[in-house]
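Single-structure report; data block below.
A short reminder: the numbers here are calculations on the coordinates, not readings from a lab. Being a predicted model, the structure only gives us computed values, none of them experimental. As a convention, Cβ positions derive from the backbone with ideal geometry for all residues, glycine included, and neighbour counts pool all protein chains shown.
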Amino acid sequence: MAKKTNNTLGSWAFLIGLVLAVVVGLLGGLNSTTSLILVIIGLIVGLLNIADKETNAFLMAGAVLIIASAFGGNVLGAVPYIGTIFDALLVLFVPATIVVAIKSVFILAKN
């Protein structure tokens, strides 16, 4: 039987990070403090919220989200608030994706 784990901190970090990224984007943009907070939340999400079984799906979704946010921010940057929301999402999801990718490499190397 599969063991269920309680990832409430990781789940809350993901939700708070997503809401914070949208709020930061709507309030006018990133500064060093909000960027640092989003990076820390992204690290927490990557470390605590993604199980081994979810790694491949998260990496695929994270890569697509990072690419779409980067290009979407450039293309839609002239639309008020949209570009800054995409930038904030990048600051949140890049660290999470990097952490999960590193965990995946360690798992592959261990096997």
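Taking the charge dipole of the chain about its Cα centre, with +1 at Lys and Arg Cβ atoms and -1 at Asp and Glu Cβ atoms, the residue from LEU48, ILE16, LEU89 reaching farthest to the positive side is LEU48. Between the Cα long axis of helix 8-26 and the first principal axis of the chain there is an angle of about 10°, rounded to the nearest 10.
Computed from Cα positions, the angle between helix 55-75 and the longest principal axis of the chain comes to roughly 10 degrees.
Over the chain, what relative contact order in percent results from Cα pairs under 8 Å that are six or more residues apart? So the answer I get is 38 percent.
Distance distribution note for the chain: the fraction of Cα pairs above 22 angstrom is 34%.
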